[in-house]
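Heads up: the structure comes next, in structure tokens.
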Amino acid sequence: MAKLNDPVQLAVIGAAHGTRGELRVKTFTGDPMALADYGPLYDVTGRPFEVLDIRPAKTVVVVRFRGVNDRNMAEALNGTTLFIDRSQLPQDLDEDEYYHSDLIGLEAIDAEGNKHGKVSAMFDFGGGDLLELTIPGKRPMLIPFTMLAVPQVDIKAGHIIIDPAAAGLIPDENEDEERRRQLGGEDGGKKQR
């Protein structure tokens, strides 16, 4: 069992594919086929997973791992997250490139310098990347990780610049007006006699 000093999630195993132990795998790499280029992958316990074969399949890749030889073995791995150590990633990134894991812990501020929390996680539920912002004592908020909502990422400065309106953190005036109308008028839906 390997101990990863600085784990970076590269993939998550999904459903079994066929009867010979192949698995559908969702990757978090720029090129999904590159998953096989990093060497052994590891689960949270440090168990290694060696990619023997990989091929594209719509939104995922189909992978055959060493030692997974039938559907039952494959089904038991559904939901397993796969990691590598940060030291296995290329370090020669361009100035405007970064890894998603680099965003965790960055302060979220707007153009005026107002703080909107810290990036605590990143998700992709199928509709695009989302950043989770947390402020102590408040519920976490999800914002889209788009150029409109997050126009600037500055890893060295330790923050991201967000547009609160594009991120959905402040209501649009038109949306606010529409919400009042839906509730029953300017008085918030209260009937007067």
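The values are calculated or read from the model by the stated rules, or taken from the named source; none is laboratory data. These figures come from a predicted structure and were not determined experimentally. Neighbour counts are summed over all protein chains in view; Cβ atoms, including those assigned to glycine, are modelled from backbone coordinates with ideal geometry. What goes into the accessible areas is simple: the full protein's heavy atoms, side chains included, and nothing from ligands, DNA or RNA. Shrake-Rupley method; radii C 1.70, N 1.55, O 1.52, S 1.80 Å.
The number of residues in the stretch 87-99 being open to solvent by 50 Å² or more (accessible area, probe 1.4 Å) and either aliphatic (A, V, I, L, M) or closer than 18 Å to Leu41 by Cα (or both) comes to 4. Considering the stretch 132-149, and only residues there that are under 13 Å from Ala165 (Cβ atoms) and either over 13 Å from the mean Cα position of the chain (by Cα) or of a type in the set (Phe, Trp, Tyr) (or both), the residue that is most open to solvent (accessible area, probe 1.4 Å) turns out to be Leu148.
Only residues that are open to solvent by 70 Å² or more (accessible area, probe 1.4 Å) and farther than 29 Å from Arg64 by Cα: list them for the stretch 100-123, please. Matches in the stretch 100-123: Ile104, Ala111, Glu112, Asn114, Lys115, Lys118. Of all the residues in the stretch 90-140, those that are touching a helix residue (DSSP H, G or I) at 6+ places or on another chain (Cβ under 9 Å), assigned to a loop (DSSP other than H, G, I, E, B) and closer than 17 Å to Pro151 by Cβ number 0. Remark: pairs (first residue in the stretch 42-60, more than 17 Å from Gly21 (Cα to Cα) and touching a residue at least 40 places away in the same chain (Cβ under 8 Å); second residue open to solvent by less than 90 Å² (accessible area, probe 1.4 Å) and assigned to a strand (DSSP E or B); Cβ separation under 6 Å; 6+ apart in sequence or on different chains) = Tyr42/Pro48; Tyr42/Phe83. Tell me, yes or no, whether the stretch 153-163 has at least one residue that is within 26 Å of Leu10 (Cα to Cα), surrounded by 10 or more Cβ atoms within 10 Å (Cβ to Cβ) and at pLDDT below 75. Within the stretch 153-163, not a single residue is within 26 Å of Leu10 (Cα to Cα), surrounded by 10 or more Cβ atoms within 10 Å (Cβ to Cβ) and at pLDDT below 75.
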